[in-house]
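See structure below.
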C-alpha cells in the first residue's frame with residue numbers, strides 16, 4: 001500500500017513551481033485580438049516593410065529597364081552628390097525651419113483649444129465648436145490652398161481689404177518669400193488643430209471626476225484645477241504626440257507645401273519633399289531622390305530615439 005508522504009505544515013503541491021502556459025496557449029487565449037490585428041499587420045507588411053527593399057536604389061545607378069537586382073552599384077555616390085549640391089542645404093534649411101515653426105507654434109494650439117473646450121458647460125455649444133474646429137481636417141490641401149490664396153488675394157482678398165482700410169497698400173502675400181513659411185504653418189494650424197484637439201478631449205474625459213470634486217472642496221479655482229489636475233493627467237498623451245511629431249520633423253508632406261509654392265516664393269518655401277518630387281518624378285532621378293529619402297528617414301530615426309530617451313529620463317513617459 002503506497003502513501004504520499006506530505007511533510008507536516010505543508011499542503012500538497014506547495015513549493016512546486018506551476019508550469020507556465022505555452023506560447024500557443026497564450027495566442028489561443030487572445031485569438032480574437034490577434035485576428036482583429038491581421039488587416040493592420042498585412043497593411044504594414046505590404047505598404048511599409050516590403051517597400052523598404054527599394055532603399056537599395058540609393059546605392060545604385062538605378063534603371064527601370066534592369067530593375068533593382070541588376071542595376072549598377074555605385075556606393076555612396078548619390079549621397080556625395082546630395083551634400084555637394086549647393087541648393088540642397090538651402091532646401092534642408094527651409095525644411096528644418098518650417099518643421100521647427102510647426103513644432104513650436106502649431107503643436108501647443110490643440111492643447112489650448114482642448115483645455116478651453118473642456119471648460120465649456122453648454123454641451124450644445126461645445127459640440128458646435130468641436131465640429132467647427134474639426135471640420136477643416138476633411139478638406140484636401142488643394143481646397144485649403146485655394147481658400148487661403150483667395151483670402152490673401154491682393155485685389156479681392158479679405159486680408160488685403162482690412163489692410164487698405166488702415167490706409168496701407170495691398171500686399172501680395174503669395175509673391176513675397178518672407179511670408180510663405182507663415183502661410184504654410186498657419187494653414188496647417190487651421191486645418192489640423194481640430195484632429196489633435198479631439199485626442200486631448202478624449203484623454204480629459206478619462207480623468208476621475210472625484211479629483212475635481214476634492215479640489216473644489218479644498219477651494220481650488222478652475223485655473224488651479226487645470227494646472228494641478230487636467231494638465232498632469234493628459235501629460236502622457238501630450239508626450240506621445242510630441243514624440244510622434246519629432247519623428248515626422250522632416251516629413252512635412254508634399255501637398256501641404258506644394259499648393260503654396262510659385263517661382264516668387266520658392267527660395268524660402270522649397271522643402272525636401274517638393275525637391276524630391278521635382279527631381280525624382282519629373283527628372284526621373286530615382287536613385288538620387290531615394291538617397292535623399294533615406295537621409296530623411298535616418299535623421300527622423302535619430303531624432304525620435306534621442307527625444308524618447310530624454311523623455312523617459314525626465315518624465316518617465318515614452319513610446320517604448
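Does the range 116-127 contain any residue that is outside any helix (DSSP H, G or I), closer than 19 Å to residue 263 by Cβ and free of Cβ contacts under 8 Å to residues at least 12 places away in the same chain?
Going residue by residue through the range 116-127, those that are outside any helix (DSSP H, G or I) are 119-122.
Filter again for closer than 19 Å to residue 263 by Cβ, leaving none.
Checked against the condition, which is being outside any helix (DSSP H, G or I), closer than 19 Å to residue 263 by Cβ and free of Cβ contacts under 8 Å to residues at least 12 places away in the same chain, the range 116-127 yields no hits at all.
Considering the range 215-229, and only residues there that are surrounded by 14 or more Cβ atoms within 10 Å (Cβ to Cβ) and closer than 16 Å to residue 114 by Cβ, the residue that is farthest from the chain's Cα centre (by Cα) turns out to be 225.
Any chance the range 245-256 includes a residue that's more than 29 Å from residue 174 (Cα to Cα) and part of a helix (DSSP H, G or I)? Break it down stepwise before answering.
Just the residues of the range 245-256 that are more than 29 Å from residue 174 (Cα to Cα), to begin with: 247.
Of the ones still in play, those that are also part of a helix (DSSP H, G or I) are 247.
For the range 245-256, residues more than 29 Å from residue 174 (Cα to Cα) and part of a helix (DSSP H, G or I): present.
Taking residue 281 as the residue in question, decide whether it is out of contact with any helix residue (DSSP H, G or I) (no Cβ under 7 Å at 6 or more places or on another chain), in the same structural domain as residue 115 (by TED's automatic domain parsing) and without any contact (Cβ under 8 Å) to a residue 12 or more places away in the chain. When the stated conditions are applied, residue 281 passes them. Of the residues in the range 106-115, at least one is in contact (Cβ under 8 Å) with a residue 12 or more places away in the chain, under 30 Å from residue 230 (Cβ atoms), touching a helix residue (DSSP H, G or I) at 6+ places or on another chain (Cβ under 8 Å) and in a loop (DSSP other than H, G, I, E, B).
Residues that are exposed (fewer than 12 other Cβ atoms within 10 Å of the Cβ) and touching a helix residue (DSSP H, G or I) at 6+ places or on another chain (Cβ under 8 Å) within the range 61-75 comprise 64, 73, 75, listed in sequence order.
The condition of being surrounded by fewer than 18 Cβ atoms within 10 Å (Cβ to Cβ), in a helix (DSSP H, G or I) and in the same structural domain as residue 244 (by TED's automatic domain parsing) holds for only one of 292, 276, 302, that being 302.
Looking only at the range 230-249, decide whether some residue is crowded, with 19+ Cβ neighbours inside 10 Å, assigned by TED's automatic domain parsing to the domain that holds residue 202, under 19 Å from residue 187 (Cβ atoms) and within 13 Å of the chain's Cα centre (by Cα). There is at least one residue in the range 230-249 that is crowded, with 19+ Cβ neighbours inside 10 Å, assigned by TED's automatic domain parsing to the domain that holds residue 202, under 19 Å from residue 187 (Cβ atoms) and within 13 Å of the chain's Cα centre (by Cα).
Residue 105 - would you say it is surrounded by 11 or more Cβ atoms within 10 Å (Cβ to Cβ), under 27 Å from the mean Cα position of the chain (by Cα) and either modelled with pLDDT under 90 or not assigned by TED's automatic domain parsing to the domain that holds residue 246 (or both)? Break it down stepwise before answering.
Values: surrounded by 11 or more Cβ atoms within 10 Å (Cβ to Cβ): yes; under 27 Å from the mean Cα position of the chain (by Cα): yes; either modelled with pLDDT under 90 or not assigned by TED's automatic domain parsing to the domain that holds residue 246 (or both): yes.
Taking the combined requirement at face value, the residue satisfies it.
Okay, residues lined up against (1) in contact with a helix residue (DSSP H, G or I) (Cβ under 8 Å, 6 or more places away or on another chain); (2) in contact (Cβ under 8 Å) with a residue 12 or more places away in the chain; (3) assigned by TED's automatic domain parsing to the domain that holds residue 289:
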position	(1), (2), (3)
167	no, no, yes
172	no, yes, yes
180	yes, yes, yes
192	yes, yes, yes
202	no, no, yes
212	yes, yes, yes
222	no, yes, yes
262	yes, yes, yes
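The single condition among (1) out of contact with any helix residue (DSSP H, G or I) (no Cβ under 6 Å at 6 or more places or on another chain); (2) surrounded by 12 or more Cβ atoms within 10 Å (Cβ to Cβ); (3) more than 27 Å from residue 250 (Cα to Cα) that residue 120 does not satisfy is (1).
The values are calculated or read from the model by the stated rules, or taken from the named source; none is laboratory data. Keep in mind the model is a prediction, meaning the values are calculated, not measured. Cβ: placed from backbone, ideal geometry, glycine included. Neighbour counts: every protein chain shown.
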